[in-house]
1. For region 409-419, check the following and say yes or no: at least one residue is within 16 Å of ligand 1 (Cβ to nearest atom), touching a residue at least 40 places away in the same chain (Cβ under 8 Å), under 21 Å from Pro287 (Cβ atoms) and of a type in the set (Lys, Arg).
2. Identify, from the list Leu422, Leu403, Leu377, Leu397, the residue that is away from ligand 1 (no atom under 16 Å from the Cβ) and within 15 Å of the chain's Cα centre (by Cα).
3. Against the condition assigned to a loop (DSSP other than H, G, I, E, B) and over 20 Å from Gly421 (Cα atoms), how does Phe320 come out, does it pass?
4. Looking only at region 160-217, which residues are under 30 Å from Thr315 (Cβ atoms) and within 16 Å of ligand 2 (Cβ to nearest atom)?
5. Whether any residue in region 294-307 is part of a helix (DSSP H, G or I) and within 19 Å of His169 (Cβ to Cβ) is what I want to check.
6. Inside region 218-259, can you point out the residues that are within 16 Å of ligand 2 (Cβ to nearest atom), assigned to a helix (DSSP H, G or I) and over 25 Å from Leu425 (Cβ atoms)?
7. Residue by residue through region 267-320, note down the ones that are away from ligand 1 (no atom under 16 Å from the Cβ), among the β-branched types (Val, Ile, Thr) and in contact with an Asp or Glu (Cβ under 7 Å, 6 or more places away or on another chain).
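Each reported figure results from applying straightforward, stated rules to the coordinates on display, with no laboratory input. Computed from a predicted structure; not experimentally measured. Here the Cβ positions follow ideal geometry from the backbone for every residue, glycine too, while neighbour counts run over all protein chains shown.
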Amino acid sequence: MPKEYRRKSKDLGVSGTPLNEGLRSDRRAPGKSSQICDELVQKAAQISTSSEPGAPTVMDARRVPQVTITPEGGGSSREMQQEDLEEPVEGALRRKLSNSSISSNGSSVVESEDDLLSDNESKSKGIVTLEPLVDSGESKPWWKLKTIVHWPFSATQRRKLNWVQLAGHKGNFKAAGEGTILKKFSENEMQCFEKLREDALLPFVPGYHGIVEKDGESFLHMTDLLANFDLPNVMDCKMGVRTYLEDELVRARERPRPREDLYNKMVEVDSDGPTPQEHAQRGVTKPRYMQWRESMSSTNTLGFRIEGIKKCDGTCRTDFKKTRSRQDVIQVFRDFVEGNMDIIKSYLSRLMVIQQALKTSDFFRQHEVIGSSLLFLHDHTGNAQVWIIDFGKTTALPEGQTLNHNIPWQEGNREDGYLWGLENLIQTLASVSSEETSGETCCSVTKENSQTPDTDGQ
Ligand SMILES: Nc1ncnc2c1ncn2[C@@H]1O[C@H](COP(=O)(O)OP(=O)(O)OP(=O)(O)O)[C@@H](O)[C@H]1O
Ligand SMILES: O=P(O)(O)O[C@@H]1[C@H](O)[C@H](O)[C@@H](OP(=O)(O)O)[C@H](OP(=O)(O)O)[C@H]1O
């Protein structure tokens, strides 16, 4: 999320959820609606072999407008943050996650050339060590809580935590008490969590326990969704056809600020990506970079994209910038679950329940949901869950205005294509299952193999 959204939480006066109410993973394990899944799988089998229009696509991907921002003036680059991975790590997750080969930037050695070359050092890409918040002054209380939540943790519970962070910036998360984490405060995200307390989406978002402040820095205290898993497999899918706010476009237009770091990331993936002017000034604006990312990946064509995967063997991949066709995505999912169709069916069930909840959610109707992800988690016990995370760029609409989430975006209408993306994600997962069942291989020819935006037959 952008830094301007990460403001301090002075005197917010909000209340937190008691911890025992927030640790809800057990009672929220996905149910198995296998009959619905089987029907969906059959439907997907028909769709994946059909090139006829009229299948579930509800929005034309070619109609996602590419709004051009002319870059001028000087560049600005991101702050670099150091992460100390050499200090000893305590806690159960050390055992669970330690079989990976972690490079100096916290990612595993199995990343592709794409990301080894392209990723900014401040981005997180896999297994990281979360530091606890530590006391810096004897006379100060260790925690100064801004909420009425009672902080129950003793000094011995201030431990480091080996953790999986597949997206976002390094240093955004800290270890907290058992089963919980702290995320750098963002006004937007805090307001979302507060509103979600009363919403149909509550069962699908991490438990929220209020705001914690230490030495002037504020954090959102939330449930660690990994806590109840044994050697979890984790996938982050960023939802929607648009990954930047309309406000970001307006700001970039008023004051274009080409960034050299984004230019470098673009060139490393595609040297022909920048325009001659961008090459000349070695900078691209943020919306321009974000639009390019959307068009290279499946964001524009399918309404979601894979950001990263960590598997139970400790390997991590974040080299999905060019994973664009439905068939590519199917192959990534198949590899993620290692052919286990029961996991796919559990994921499908959960996604369909989430889809229903989204359709009834007041929160969803009243917010532009940008940059939010679905976090997929499963382990060898068969436990498989999907959670909605990251509300850093989820923004309330003006009073009385609502979104459809299923119609094309045009600047000004603030549509995000979330439901379109979710429908495509469901159909894609169903295709994984149907192809496995019908014995087709990952090389099956479908329209998506063409690498062109597939807009009328998905
Ligand atoms: N509650 C949670 N439990 C477990 N893992 C989480 C949780 N929240 C986030 N993560 C992990 O951290 C990663 C980054 O989370 P998130 O997207 O919220 O961060 P961010 O800094 O807002 O990212 P960005 O800058 O891309 O918006 C996720 O991909 C996931 O791996
Ligand atoms: O995935 P990539 O290619 O590394 O690109 C980043 C990604 O799109 C993030 O979503 C975005 O943060 P926000 O969503 O918070 O805007 C970040 O912007 P940033 O560099 O300004 O942080 C981009 O650099």
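1. Scanning region 409-419, I find no residue that is within 16 Å of ligand 1 (Cβ to nearest atom), touching a residue at least 40 places away in the same chain (Cβ under 8 Å), under 21 Å from Pro287 (Cβ atoms) and of a type in the set (Lys, Arg), so the answer is no.
2. Numbers: Leu403 fails: within 15 Å of the chain's Cα centre (by Cα); Leu377 fails: away from ligand 1 (no atom under 16 Å from the Cβ); Leu397 fails: within 15 Å of the chain's Cα centre (by Cα).
One residue alone meets the criteria, Leu422.
3. no
4. The answer is Gln165, Leu166, Ala167, Gly168, His169, Lys170, Gly171, Asn172, Phe173, Lys183, Lys184, Glu189.
5. Going residue by residue through region 294-307, those that are part of a helix (DSSP H, G or I) are 294-296, 299-302.
Still in the running and within 19 Å of His169 (Cβ to Cβ): none.
No; the residues of region 294-307 include none that is part of a helix (DSSP H, G or I) and within 19 Å of His169 (Cβ to Cβ).
6. Asp247, Leu249, Val250, Arg251, Ala252
7. Val269, Val284, Thr301
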